[in-house]
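Participant: My questions all concern the structure below.
The values are calculated or read from the model by the stated rules, or taken from the named source; none is laboratory data. Nothing here was measured: the structure is a model prediction, and the numbers come from that model. So basically every Cβ, Gly included, is an ideal-geometry build from the backbone, and we count neighbours across all protein chains shown. Surface areas here come from the heavy atoms of the whole protein model, side chains and all, with no ligands, DNA or RNA. Shrake-Rupley method; radii C 1.70, N 1.55, O 1.52, S 1.80 Å.
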Amino acid sequence: MKILLIDSSAFFLDFAMRCEAQGHDVRMWVAPDEKTFERVSIGDGLVRKVPTWEGSMNWADLILVSDNCRYMKRLEGYRQRGFPIFSANVEGTSWEMDRLKGQEVLEQAGIECLPCIKFSNWDDAISHQKAHLDVRYVCKPCSDVDKALSYVSKSAKDMIFMLQHWKRTIKKPCPFIFQEFCPGIEVAVGGWMGRNGFLGHVLENFEHKKLMNDEKGPNTGEQGTVIKYVPIGESKLARELLLPVEAELIRSGYTGYIDVAVMLGTEGPRKGLLNPLEFTSRHGWPLFLIQQVLHHDVVSWMKDAADGRDTFQPSDEIAVGVFLSMPDFPYHHLKEDQLSGFPVWGITKENRYFFHPFNMKLGEGIDDKGATIPMMVTCGNAIATVTGVGRTVEEAKTDAYGHLSELEIPNSPMYRTDIGDRLRDQLPILQKYGYCTSWSY
């Protein structure tokens, strides 16, 4: 099959290599750097890269897009003309980018959401918080911006300070919302939409978003995740969150992956109730890389789904993925040449399946005998995700960190060591209310 990957965020390298390994013909286009407009070297020497994506649209049997930010409007015209795009569309993207729109979709489907207040400037939000000093708020942006603007305050004074800080440092605020803080357990459920609706297996997953253990440090989006595919009829999360919006997704022509994150309340009036947080109407990163370890057929089922057939048969094991980075992550002050050329030693035929390269290319490194040999090297500070699988969370975690321990990387590589640990306490609570019942810690 001929596969075109439109990689506006430089995330598709691992997927491209796995598609090629299964005999598919892959062309990958990687967008230039958003700030410098310079060419990005990710994937050089490892996969076939093309100078433009438009020139390969007629060639492709299947087209995937790595995110839902850039090129969506241009791609929508191709989608309407019948091009085989298996990724987010403009309407589905609006459910994620405009949180109020996403809440409206959920509420119209009969799903109760936490009340929210929308702001378009810092001063109004500051005044509101000062008038409600007894309320703890969560701030969420209504557009694709720095993850740091998603903020869970500890108190009213904490939120006021952050709003004043953003006012000083961000000249033009994007629209954002306040929601009252709801203590609970965060979990998500996602599914793959084909032409005729959701495929037969959904993904229950637990993200670990902060840079350091115990959810400390800056929000990076995802430092590691624990996932499990479940038959859609056996997932209470899917029945309550995904299936109610299926008809609207079919109507809009959405295909590809979509995910709903929720908080199960553990205290107060929302105890035991689901509180929807947000849609993710795109591939999650590095979630998509972790999913690959459970997709033994990497891509053929996607083409079938786009054509209206369900041939998706993922593994029913639990997978744990651990994100691997190096300084200056999670910031991006260093230039590519300062982050390039660091080798990853220890990749073998036995563990290669569980290694998912990210900011990497073909370069040269030194082997154990001191000789210079071709090998994968870094070209950015987000190196890879390393995965493991098992029948329980603990088995999958042990497997993932076992693979990680076999790698050797210069320049102080960073990763969390606690991915999955919180499920020891959280799974019994979720299962008490009928959620995640097929999981074992």
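Participant: Would you please give the FRET efficiency between Ser340 and Asp297, computed as 1/(1 + (r/R0)^6) with r the Cβ-Cβ distance and R0 = 35 Å, to the nearest 0.05? Spell out each step's value before the answer.
Facilitator: On the way: r = 34 Å, r/R0 = 0.96.
The value I calculate is 0.55.
Participant: Let me know the shape class of the range 178-306, please: from the alpha-carbon gyration tensor, a ≥ b ≥ c as square roots of the eigenvalues, rounded when a/c is under 1.5, otherwise prolate if a/b is greater than b/c, or oblate. Write down the numbers at each step before the final one.
Facilitator: Numbers: a/c = 2.05, a/b = 1.36, b/c = 1.51.
It comes out oblate by the Cα gyration axes.
Participant: Using 0.36 nm times the number of residues separating Arg239 and Asp25, minus their current alpha carbon distance, what extension gain do you get? Mind dumping the intermediate values first?
Facilitator: Working: separation 214, 0.36 × 214 = 77.04 nm, distance 3.71 nm.
So the extension gain works out to 73.3 nm.
Participant: If you filter the range 175-219 for trypsin sites (Lys or Arg not before Pro), then keep DSSP loop positions with at most 16 other Cβ within 10 Å, what is left?
Facilitator: Numbers: sites: Arg195, Lys209, Lys210, Lys216; in loops: Arg195.
Passing both the DSSP loop test and the Cβ count: Arg195.
Participant: Count neighbours as other Cβ atoms within 10 Å of each site's Cβ, and list the trypsin sites (Lys or Arg not before Pro) in the range 359-441 that are DSSP loop with at most 13 such neighbours. Let's see the in-between values first.
Facilitator: Working: sites: Lys361, Lys369, Arg391, Lys397, Arg416, Arg422, Arg424, Lys432; in loops: Lys369, Arg391, Arg416, Arg422.
Within the range 359-441, the qualifying trypsin sites (Lys or Arg not before Pro) (loop, at most 13 other Cβ atoms within 10 Å) are Lys369, Arg391.
Participant: Would you please put 302-309, 187-194 in order of how densely packed they are, using the mean number of other Cβ atoms within 10 angstrom per residue and starting with the highest? Mind showing how you got there, number by number?
Facilitator: Working: 302-309: 18.1, 187-194: 24.6.
Final packing ranking: 187-194, 302-309.
Participant: Hey, what angle do you get for helix 122-131 against the long axis of the chain, alpha-carbon based, 0 to 90 degrees rounded to 10?
Facilitator: 40
Participant: Tell me, what is the Rg over Rh of the range 235-322, with Rh the Kirkwood radius over Cα pairs? Provide the component values of the computation, followed by the final result.
Facilitator: Details: Rg = 15.3 Å, Rh = 15.2 Å.
The Rg/Rh ratio comes out at 1.01.
Participant: Just grab the label-to-label distance for Val152 and Asp307, each label 7 Å out from Cα along the Cβ direction, in nm (one decimal).
Facilitator: About 4.4 nm, to one decimal.
Participant: While we're on this one: How much space per residue, in cubic angstrom, does the convex hull of the C-alpha atoms of the chain take up? The partial results should precede the final answer.
Facilitator: Values: hull volume 62.0 nm³, N = 441.
With only Cα atoms used, the chain gives 141 Å³ per residue.
Participant: Here is a follow-up. Where does the longest stretch of the chain lie that holds no GluC sites (Glu not before Pro) found in a DSSP loop with 16 or fewer other Cβ atoms within 10 Å? Write out the running numbers ahead of the final one.
Facilitator: Values: sites that count: Glu34, Glu38, Glu112, Glu267, Glu350, Glu406.
Counting at most 16 other Cβ atoms within 10 Å as exposed, the longest clean stretch of the chain is 113-266.
Participant: Hey, which aspartates and glutamates would be in cross-link range of Lys157, C-alpha to C-alpha under 18 Å, not counting anything within fewer than 8 residues on its own chain?
Facilitator: Those aspartates and glutamates meeting the cut-off are Asp123, Asp124, Asp134, Glu180.
Participant: Let me ask something additional. Just how far, in whole angstrom, is the range 1-73 from the range 305-368 if you go by their alpha carbon centroids?
Facilitator: A separation of 16 Å, based on Cα centres.
Participant: Still on this structure, I have one more. For Thr392 and Lys2, what does the FRET efficiency come to when R0 = 51 Å and r is the distance between their Cβ atoms, rounded to the nearest 0.05?
Facilitator: Working: r = 40 Å, r/R0 = 0.78.
Once rounded, the FRET efficiency stands at 0.80.
Participant: I would also like to ask the following. Putting +1 on Lys and Arg Cβ atoms and -1 on Asp and Glu Cβ atoms, find which of Ser153, Gln291, Gly197 reaches farthest to the positive end of the dipole of the chain.
Facilitator: Selected residue: Ser153.
Participant: Let me ask something else about it. Apply the Karplus curve 6.51 cos²θ - 1.76 cosθ + 1.60, θ = phi - 60°, to the phi angles in the range 271-276 and return the couplings in whole Hz, x for Gly and Pro.
Facilitator: Whole-Hz 3J(HN,Hα) from phi for the range 271-276: 4, x, 10, 7, 10, x.
Participant: DSSP loop chymotrypsin sites (Phe, Trp or Tyr not before Pro) in the range 296-342 with at most 14 other Cβ atoms within 10 Å of their Cβ, which ones? Walk me through the numbers on the way to the answer.
Facilitator: Numbers: sites: Trp301, Phe312, Phe323, Tyr331; in loops: Phe312, Tyr331.
Answer by residue number: Tyr331.
Participant: Per residue of the range 54-65, what does 6.51 cos²θ - 1.76 cosθ + 1.60 with θ = phi - 60° give for ³J(HN,Hα)? Whole Hz please, x for Gly and Pro, Karplus curve as stated.
Facilitator: 4, x, 10, 4, 6, 6, 7, 8, 8, 10, 10, 10
Participant: Just list whichever of Lys35/Lys216; Lys167/Lys209; Lys101/Lys140; Lys335/Lys361; Lys130/Lys216; Lys172/Lys335 have alpha carbons separated by over 18 Å in the model shown. Present the calculation step by step, with values, prior to reporting the outcome.
Facilitator: Working: Lys35/Lys216 29 Å; Lys167/Lys209 25 Å; Lys101/Lys140 13 Å; Lys335/Lys361 16 Å; Lys130/Lys216 27 Å; Lys172/Lys335 26 Å.
In this structure, Lys35/Lys216; Lys167/Lys209; Lys130/Lys216; Lys172/Lys335 exceed 18 Å between Cα atoms.
Participant: Further, regarding this structure: Expressed in nm to one decimal, what extension gain is obtained for the pair Val50 and Lys130 from 0.36 nm per residue of sequence separation less their Cα-Cα distance? Numbers along the way, then the final one.
Facilitator: On the way: separation 80, 0.36 × 80 = 28.80 nm, distance 5.33 nm.
Result for the pair: 23.5 nm of gain on full extension.
Participant: Also: Can you pull the percent of the chain's accessible area that's carbon plus sulfur, 1.4 Å probe, other chains left in place? Provide the component values of the computation, followed by the final result.
Facilitator: On the way: 9680 of 18770 Å².
Summing carbon and sulfur atoms, their accessible area is 52 percent of the total for the chain.
Participant: What does the extension gain come out to for Arg251 and Asp368, with contour length at 0.36 nm per residue minus their alpha carbon separation? Before the final figure, lay out each step's value.
Facilitator: On the way: separation 117, 0.36 × 117 = 42.12 nm, distance 5.76 nm.
Value of the extension gain: 36.4 nm.
Participant: How much accessible surface area, in Å² rounded to 10, belongs to the heavy atoms of Val50 with a 1.4 Å probe?
Facilitator: It works out to around 20 Å².
Participant: Aspartates and glutamates within cross-link reach of Lys2: Cα-Cα under 16 Å, excluding same-chain residues under 8 positions apart?
Facilitator: Glu20, Asp25, Glu54, Asp61, Asp297, Asp304, Asp307
Participant: Per residue, how much accessible area does the chain show when a 1.4 Å probe rolls over the protein heavy atoms, in square angstrom? Walk me through the intermediate numbers first.
Facilitator: Working: 18770 Å² over 441 residues.
Here the per-residue accessible area is 43 Å².
Participant: Hey, quick one: spin label on Tyr78, modelled 7 Å out along Cα-Cβ, who in the range 1-41 has an amide N within reach, i.e. under 14 Å?
Facilitator: Hits in the range 1-41 for Tyr78 at 14 Å: 2-9, 27-31.
Participant: With all protein chains present, calculate the accessible area of Cys116 using a 1.4 Å probe and round the result to the nearest 10 Å².
Facilitator: The accessible area comes out at roughly 40 Å².
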